[in-house]
Every structure is written in C-alpha cells, then in structure tokens.
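Undergrad: Below is one structure. I have some questions about it.
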Amino acid sequence: MTPELVLPARRSRTASRAPWALMYHAVGDPRDDPYLVTVGPERLARQLRWLSRHGLTGVSMRELLAAREQGRADRLVGLTFDDGYADFLTEAVPLLREHGHTATVFVLPGRLGGANDWDAEGPRRPLLDAAGIRAAEAAGMEIGSHGLVHQDLTAADDATLAAEATESRRLIGEITGTAPVGFCHPYGALDTRTLAAVRRAGYAYACAVDPGPLAGLYALPRAYVGNRDNSPRLHAKRLLHRMRGPYLTDPSGHGDRPQRPEPSALPREDS
C-alpha cells in the first residue's frame, strides 16, 4: 500500500536537499519528435534496469515524499510522466511493473481521450481517457493533475488559473474516487501567483522542472530524461543532482537559492 503523504505542521528552517525525481513524457517511437520528449520502450527498459542495478527503486512522488518525511528516501527516485499520454498505460506501465517500479502520471482531465494539440509541431499523440486513468491507478500508479488543458499558467488570468488548479483536481477525483494530492506546472512555468493557486486548490505538492529560488514543496525540481539518456548520462545526472541541490527549506513552496556550479558536459550517447 502506498504510504500516506503526511506533512509536518512546521518544518525547520534548516535547508534539506530535494529528493531526486526524473521527468518523462511520451513512450514510443522517438524518431519523429522535434521536442525530444519521447523515450523508446527499449530505452526506458534499459533506464529502469539501470536504476535497479544501482540499488534504486522508482516510486511515485507521493510515496517519495512520504518516505522522505520518514527519513527513508535515500534509495528511492521519483518517476514522473507528464501530459498523460495513452502510451503511459500501454508502454510504460508494463515496463514499470516488470522492473518493480511505480510512477506518477500527470493527466489533463480537460482533454480526456484527446491529443497533444498544444504542440505546434510533431505527431498528434493520444491522451489517456477516463478508463485509462482508472486502469493506470489500478496498476499501482499515482494520478496527479497537469491542469485542465496544458497551458502556461503564469500567463493565465486569475479565474483561469483557479479553474486549472481546482477544477482539474475535482474532475480527477470524480474519475478515480480520490482527489489527487499532486500537481505539475505545465511547461514548468511558475511564479509566486501560480504556487499560491496550487496551495489553495488543496494539493500537497507540485512538480516543476528547474524552479530556481522558488524551489520547495510546491515547486519540486526534476531532471529531464530523453531517449539519449544511457547509463553514463543517467549516472552524470545523478551526480549533478547531488552537487547542485536545489535545497528546500519549508513546505510553503519557497526555498533558498542553491549554489549551482557550472555542470560539465554530459557523456555522449552510446552507439
């Protein structure tokens, strides 16, 4: 059973390192992908085997944060899949289960059974419908919100921002029977206004990409993973995470600006 995410009423101001979380999107043929967000099934299988070989277990963000509160997250890695593509269920879930991992998928309840129409280029990829979301949850995956329709919330007016955060949570709750605890900022775009809206909507955490000084429980950093990421590159990304932070200070959604050394070039893809 996935442990409950229990947050302390007050956290020490002493900074602590953010847990390591990886950001995926689609799983399928990566050749026609101008945005480089598609990982081939064979590559994903290799990446999951890499985690297992290094004594790491991929888990949902909910489980990762609960384990972090209990001081037992050292060998855990958050696995996240943005946009709620239908291939998460058909391609990613079987591989995750085969290798003993779980993950969080951030879905778009305003586009159920639709496609990635926000992308100007590249192929149209089908998105999960309500039945697919329920099937993913039944397979042990966490369902989180990516907003309603995938838009930059920093550019949205107040009413739209509130609806994207609140209405998406309500709709997912209707589909699964339980309101989600996790949110993911579309495009990784965020500011203090969007963080406040996510907190007001009732989420327990939110994922970002590289939130800088806003890093915190409502702007959790994640490392991008693509089809080029082989074993050496994953190892380098893990080392960079240890070197760079960022650091989290409290559950309010804000954190100290980390000291970030310039990262060295990542290894080339293997042949």
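Rule-based calculations on the coordinates, nothing more; no lab input. Given the structure is predicted, the values throughout are model-derived calculations rather than measurements. Heads up, the Cβs are rebuilt from the backbone with ideal geometry, glycines too, and the neighbour counts pull from every protein chain shown.
Undergrad: Take HIS185, HIS54 and order them by how many other Cβ atoms sit within 10 Å, fewest up front.
TA: HIS54, HIS185
Undergrad: So how far apart, in nm, are the two label points at GLU174 and GLU121 if each is 7 Å from Cα heading toward Cβ?
TA: It is 3.7 nm.
Undergrad: Let me ask something else about it. Points 7 angstrom from Cα along the Cβ direction at ARG31 and THR192: gap in nanometres?
TA: With each label placed 7 Å out from Cα toward Cβ, I get 5.0 nm.
Undergrad: Whole-Hz ³J(HN,Hα) for each residue in the range 25-36, computed from phi via Karplus 6.51 cos²θ - 1.76 cosθ + 1.60 with θ = phi - 60°, x for glycine and proline: what do you get?
TA: Per residue, the Karplus-derived 3J(HN,Hα) values read 10, 8, 10, x, 6, x, 6, 9, 8, x, 9, 6 Hz.
Undergrad: Here is a follow-up. With a 10 Å Cβ neighbour count serving as the proxy for reagent exposure, in which order, fewest first, do ASP29, ASP157, ASP82 appear?
TA: In increasing order of surrounding Cβ atoms, one gets ASP157, ASP29, ASP82.
Undergrad: Find how much the distance from ARG53 to HIS235 grows on full extension, using 0.36 nm per residue of separation minus their present alpha carbon separation; answer in nm with one decimal.
TA: So the chain would gain 64.4 nm between ARG53 and HIS235.
Undergrad: Moving on to the next point. For ALA208, what is the net charge nearby, where nearby means another residue's Cβ is under 12 Å from its Cβ and Lys, Arg count +1, Asp, Glu -1?
TA: -2
Undergrad: Please rank ARG17, ARG53, fewest neighbouring Cβ atoms within 10 Å first, as an exposure proxy.
TA: ARG53, ARG17
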